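J.: Here it is, the structure, as structure tokens.
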Amino acid sequence: MRSPKDFFAPLALGAPNPIREVPIRPSRMIHFFDPSNEKMRSKIPAIAPSVDILLGNLEDAVAADNKEAARNGLVEVGRGWVNGETQLWTRVNSLDSPWFIDDVFTLVSEIGEKLDVIMVPKVEGAEDIHYVDQLLAQLEAKASLSRPILIHAILETARGVANVEEICGASPRMQGLSLGPADLAADRRMKTTRVGGGHPGYLVRQDPAEGVEDRDRFTFQQDLWHYTISRMVDACGSFGILPFYGPFGDIADVLACEDQFRNAYLLGCVGAWSLHPVQIDIAKKVFSPEPSEVEWAMHVISEMGDGTGAVMIDGKMQDDATVKQCHVIVNLARELSAKDPELASSYGF
Ligand code: GLV
Ligand code: MG
């Protein structure tokens, strides 16, 4: 048994104090780049201001013989990084890989002050977070860091989904979760061969009807990720941490990417991964409330006065609960506007 008070004591002598609340910062897209790629590194100064989060990826999609180059490339990026509006994250290799320990050791010692969040893949349960939590505290103390590095876990194994609540509550360092649809599909033995998105075979069909040929019975494709995203959103909400949709692999299908991101936004996610510059703008558009929505929400808030009771606006009933929904939209618009003057003016702030 552990006293709740202990959660707010550092896990190693000299480590910074744990945080009590996840800092709310614009987080509409986590933009992935491969730090082993010199050309990509040279584009960082241009890309960084256009994204909310920049992530140096060391895990999947980086070939085994490039792992060290990626780690060293990220150290180079971190040394030149000026902490500002854009967050710097990394995705390290998984806990059972031969690279994890050197990833964490090198990054915390060399660029710990620059890193906001470490994304840990293939998290299975609270025990994984406890291990990373303790290790980070020891390394932070050794490097004399002034603030703790937060942890973001990828939900991409069946056991991870089954244990999602205990993962969220395993440490005050927990910043959020991302859905990892590709690994999760493999681990669950789903019969897909893509990264996120739907599948034309996963559908419901109209019942047989008099005079309707079987081939004419209409079908609707269903969302393969609805259950997992909803479960992740509830778990994150319960523990005050942030849910993100993960990757969408069909870079050319910008329309379906936008749909997938929007489903996640509507269900409560704060952002998604961008794997290609074209997905940055999609995420920016989808995860920023529409100006008309913000205008409507501000109208409802103003009509609702002290926020209690009920009023009819344009034939729609508004009450204490709808005004709370409106506050969610307006608060998000204000948070994003603090970083994005163009967005602020589109909302009339
Ligand atoms: C992401 O890491 C995924 O597996 O989808
Ligand atoms: Mg994965």
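J.: If VAL161 passes every condition in (1) on the phi < 0 side of the Ramachandran plot; (2) part of a loop (DSSP other than H, G, I, E, B); (3) more than 8 Å from ligand 1 (Cβ to nearest atom) but one, which one does it miss?
T.: All conditions pass for VAL161, except number (2).
J.: Going through PRO18, PRO10 one at a time, which residue ends up being under 22 Å from the mean Cα position of the chain (by Cα) and touching a residue at least 60 places away in the same chain (Cβ under 8 Å)? Full working, then the answer.
T.: Values: PRO10 fails: under 22 Å from the mean Cα position of the chain (by Cα).
After applying the criteria, what remains is PRO18.
J.: Still on this model: If I filter segment 109-157 down to residues being among the basic types (Lys, Arg) and more than 16 Å from ligand 2 (Cβ to nearest atom), which single residue comes out as most open to solvent (accessible area, probe 1.4 Å)?
T.: In the first step, residues of segment 109-157 are kept if they are among the basic types (Lys, Arg); the result is 114, 122, 142, 147.
Next, from what is left, pick out any that are more than 16 Å from ligand 2 (Cβ to nearest atom): 114, 142, 147.
Working: LYS114: 46, LYS142: 151, ARG147: 74 Å².
Per the stated criteria, the residue is LYS142.
J.: Would you confirm, using the coordinates I've provided, whether PHE32 is within 18 Å of PRO121 (Cβ to Cβ), away from ligand 1 (no atom under 16 Å from the Cβ) and open to solvent by 20 Å² or more (accessible area, probe 1.4 Å)?
T.: On the way: within 18 Å of PRO121 (Cβ to Cβ): yes; away from ligand 1 (no atom under 16 Å from the Cβ): no; open to solvent by 20 Å² or more (accessible area, probe 1.4 Å): yes.
So PHE32 does not fit the description; no.
J.: Taking segment 49-82 as the region of interest, how many residues are surrounded by fewer than 19 Cβ atoms within 10 Å (Cβ to Cβ) and in a helix (DSSP H, G or I)?
T.: Summing the residues that are surrounded by fewer than 19 Cβ atoms within 10 Å (Cβ to Cβ) and in a helix (DSSP H, G or I) in segment 49-82 gives 11.
J.: Here is a further query. Taking segment 92-105 as the search range and keeping residues that are among the charged types (D, E, K, R) and either in a loop (DSSP other than H, G, I, E, B) or open to solvent by 20 Å² or more (accessible area, probe 1.4 Å) (or both), which one is farthest from SER42 (Cα to Cα)? I'd like the intermediate steps shown before the answer.
T.: Step one: of segment 92-105, the residues among the charged types (D, E, K, R) are 96, 102-103.
Going one step further and asking which of them are either in a loop (DSSP other than H, G, I, E, B) or open to solvent by 20 Å² or more (accessible area, probe 1.4 Å) (or both), we end up with 96, 102.
Numbers: ASP96: 31, ASP102: 24 Å.
My answer is ASP96.
J.: List every residue pair whose Cβ atoms sit under 7 Å apart, with the two residues 6 or more apart in sequence or on different chains, where the first one lies in segment 196-213 and is open to solvent by 60 Å² or more (accessible area, probe 1.4 Å) and the second, anywhere, is not in a loop (DSSP other than H, G, I, E, B).
T.: PRO200/GLN221; TYR202/GLN221; LEU203/THR219; LEU203/PHE220; LEU203/GLN221; VAL204/THR219; VAL204/PHE220; ARG205/THR219
J.: So for segment 166-189 (the condition being within 16 Å of ligand 1 (Cβ to nearest atom), β-branched (Val, Ile, Thr), open to solvent by less than 40 Å² (accessible area, probe 1.4 Å) and within 18 Å of GLY125 (Cβ to Cβ)), does at least one residue qualify?
T.: In the first step, residues of segment 166-189 are kept if they are within 16 Å of ligand 1 (Cβ to nearest atom); the result is 167, 176-189.
Still in the running and β-branched (Val, Ile, Thr): 167.
Next cut, open to solvent by less than 40 Å² (accessible area, probe 1.4 Å) only: 167.
Next cut, within 18 Å of GLY125 (Cβ to Cβ) only: 167.
So far as segment 166-189 goes, yes, one or more of its residues are within 16 Å of ligand 1 (Cβ to nearest atom), β-branched (Val, Ile, Thr), open to solvent by less than 40 Å² (accessible area, probe 1.4 Å) and within 18 Å of GLY125 (Cβ to Cβ).
J.: Still on this structure, please answer the following. If a residue must be open to solvent by less than 60 Å² (accessible area, probe 1.4 Å) and under 23 Å from LEU266 (Cα atoms), how many such residues does segment 308-319 contain?
T.: In the first step, residues of segment 308-319 are kept if they are open to solvent by less than 60 Å² (accessible area, probe 1.4 Å); the result is 309, 311, 313, 318-319.
Going one step further and asking which of them are under 23 Å from LEU266 (Cα atoms), we end up with 313, 318-319.
The number of residues fulfilling the criteria is 3.
J.: Sticking with this structure for a sec: Quick check on segment 236-258: of everything there that is in a helix (DSSP H, G or I) and either among the β-branched types (Val, Ile, Thr) or more than 16 Å from ligand 1 (Cβ to nearest atom) (or both), which residue is nearest to SER178 (Cα to Cα)?
T.: Within segment 236-258, the first condition is being in a helix (DSSP H, G or I), and the residues that meet it are 236-239, 254-258.
Next, from what is left, pick out any that are either among the β-branched types (Val, Ile, Thr) or more than 16 Å from ligand 1 (Cβ to nearest atom) (or both): 236-239, 254-255, 258.
Working: CYS236: 10, GLY237: 13, SER238: 16, PHE239: 15, VAL254: 20, LEU255: 21, GLU258: 17 Å.
Within segment 236-258, the match that is nearest to SER178 (Cα to Cα) is CYS236.
J.: Going by what's in this entry, would GLU85 be described as among the acidic types (Asp, Glu), touching a residue at least 60 places away in the same chain (Cβ under 8 Å) and either out of contact with any Asp or Glu (no Cβ under 7 Å at 6 or more places or on another chain) or away from ligand 1 (no atom under 16 Å from the Cβ) (or both)? Break it down into steps so the answer makes sense when it comes.
T.: Values: among the acidic types (Asp, Glu): yes; touching a residue at least 60 places away in the same chain (Cβ under 8 Å): yes; either out of contact with any Asp or Glu (no Cβ under 7 Å at 6 or more places or on another chain) or away from ligand 1 (no atom under 16 Å from the Cβ) (or both): yes.
Answer is yes for this residue.
J.: I'd like to check something: does segment 173-188 contain any residue that is away from ligand 2 (no atom under 16 Å from the Cβ), within 19 Å of LEU136 (Cα to Cα) and charged (D, E, K, R)?
T.: Yes, segment 173-188 contains at least one residue that is away from ligand 2 (no atom under 16 Å from the Cβ), within 19 Å of LEU136 (Cα to Cα) and charged (D, E, K, R).
J.: Further, regarding this structure: Among the residues in segment 295-303, are any open to solvent by less than 10 Å² (accessible area, probe 1.4 Å), more than 23 Å from the chain's Cα centre (by Cα) and in contact (Cβ under 8 Å) with a residue 12 or more places away in the chain? Even if it seems obvious, please write down each step before you answer.
T.: Step one: of segment 295-303, the residues open to solvent by less than 10 Å² (accessible area, probe 1.4 Å) are 297, 300.
Narrowing the set further to residues that are more than 23 Å from the chain's Cα centre (by Cα) leaves 297, 300.
If we keep only those that are in contact (Cβ under 8 Å) with a residue 12 or more places away in the chain too, we end up with 297, 300.
There is at least one residue in segment 295-303 that is open to solvent by less than 10 Å² (accessible area, probe 1.4 Å), more than 23 Å from the chain's Cα centre (by Cα) and in contact (Cβ under 8 Å) with a residue 12 or more places away in the chain.
J.: If you don't mind, there's one more thing I want to ask. Looking at ALA235, ALA256, ALA272, which one is surrounded by fewer than 22 Cβ atoms within 10 Å (Cβ to Cβ) and in contact with a strand residue (DSSP E or B) (Cβ under 8 Å, 6 or more places away or on another chain)?
T.: Working: ALA256 fails: in contact with a strand residue (DSSP E or B) (Cβ under 8 Å, 6 or more places away or on another chain); ALA272 fails: surrounded by fewer than 22 Cβ atoms within 10 Å (Cβ to Cβ).
Only one candidate qualifies: ALA235.
J.: If I filter segment 315-341 down to residues being under 12 Å from MET298 (Cα atoms) and of a type in the set (Lys, Arg), which single residue comes out as nearest to the chain's Cα centre (by Cα)?
T.: Selected residue: ARG334.
The values are calculated or read from the model by the stated rules, or taken from the named source; none is laboratory data. This structure is a prediction, so every number in the text was calculated from the model and none was measured. Reconstructed Cβ throughout: ideal geometry from the backbone, glycine too, with neighbour counts over all protein chains shown. All accessible areas refer to the heavy atoms of the entire protein, side chains included, with ligands and DNA or RNA removed. Shrake-Rupley method; radii C 1.70, N 1.55, O 1.52, S 1.80 Å.
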